[in-house]
Amino acid sequence: LSQAKKAKKVSGLLAKVETAEDRKAALAELDQGFGKKDPAAIFAKAQLLLQDDPRKALAALEQIELGKVLAPVADEARAQRAMIHLLLGEATSARDLVDSIDLSRQQDPKARAMMGAVVAEAWARTGQAKKATETVELFNPEDPEFEPVRPQLHRARAYVYAATGDTKLMRRSLRKLLDQDVRLLGGFMSKRTHPLLQKEAKRLLEQSGQVPRKMVRG
């Protein structure tokens, strides 16, 4: 009950954040109103820090001692850290974390789907295409329940289908991302991305005529 109350308070705090100044104020409030090792506060801090500095967000999440928190909380920390490593192109580091995640421990469907997307992408990018496929296909991106995590599911599918050589399904996933927000293709333009994904993302961007000034790398 105590953790639920803290989570609700943190959620309310994050809901008010709209500007850089809001983020700064929220970070200060989290530092003052919660314990330094409180998982809910750390997750919130990481979310705020990720906007400007993924490394600082990662450092914040690393403060959660995985062996001293409840298993679902530890898995959430692993998944969020892995997600940042994937955004930074560090697939091996992400893989080291996701191998210990048990999706069945997550009761919330959206949280489980989000975690599944991270796990599948990490496996796809480190030579475990079969396991990645089995995982990502547990979650239908078109399910209304998964609407908030739809971009992450399509991103994971793009990596999985690139790893399996299924260019048709890979292109479909990239097209879904383009239709949602052209900036979502930005994460596929780095040198560490699968060559098929780089090529197709670039082609779609050129065709769309909407190459944005600043790409979203998530």
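The values are calculated or read from the model by the stated rules, or taken from the named source; none is laboratory data. It should be emphasised that the depicted structure is a prediction, and the values quoted were computed from it without experimental measurement. Cβ placement follows ideal geometry from the backbone for every residue including glycine, while neighbour counts extend to all protein chains displayed. To get the accessible areas, we keep the full protein, side chains included, count just its heavy atoms, and leave off ligands, DNA and RNA. Shrake-Rupley method; radii C 1.70, N 1.55, O 1.52, S 1.80 Å.
Pairs to check: Lys24/Lys45; Lys130/Lys202; Lys130/Lys199; Lys68/Lys131. Give those whose C-alpha atoms are more than 18 Å from each other in this structure. In this structure, Lys130/Lys202; Lys130/Lys199; Lys68/Lys131 exceed 18 Å between Cα atoms.
Placing a pseudo-label 7 Å from each Cα along the Cα-to-Cβ vector at Gln63 and Asp22 gives an inter-label distance of 2.3 nm. Relative to the longest principal Cα axis of the chain, at what angle does helix 2-15 sit, 0 to 90 degrees, rounded to 10? For helix 2-15, the angle is close to 60 degrees. Note the angle between two axes, namely the Cα long axis of helix 39-50 and the longest principal axis of the Cα atoms of the chain, as a number of degrees from 0 to 90, rounded to the nearest 10. In the chain, helix 39-50 runs at an angle near 50 degrees to the longest axis.
Evaluated at q = 0.12, 0.26 Å⁻¹, the base-10 log of the normalised Debye intensity for segment 111-193, with identical point scatterers placed on the Cα atoms, takes the values -0.29, -1.38. For segment 17-60, calculate the relative contact order in percent as a whole number, restricting contacts to Cα pairs under 8 Å that are 6 or more residues apart. Taking the mean separation of contacting Cα pairs over the length of segment 17-60, I get 26 percent.
Looking at segment 109-214, the accessible area is 52 square angstrom per residue; that uses a 1.4 Å probe and ignores ligands, DNA and RNA. Helix 109-124 and the longest principal axis of the C-alpha atoms of the chain enclose an angle of approximately 50°. The trypsin sites (Lys or Arg not before Pro) found in segment 34-73 that occupy coil by DSSP, while having at most 10 further C-beta atoms within 10 Å, are Lys36.
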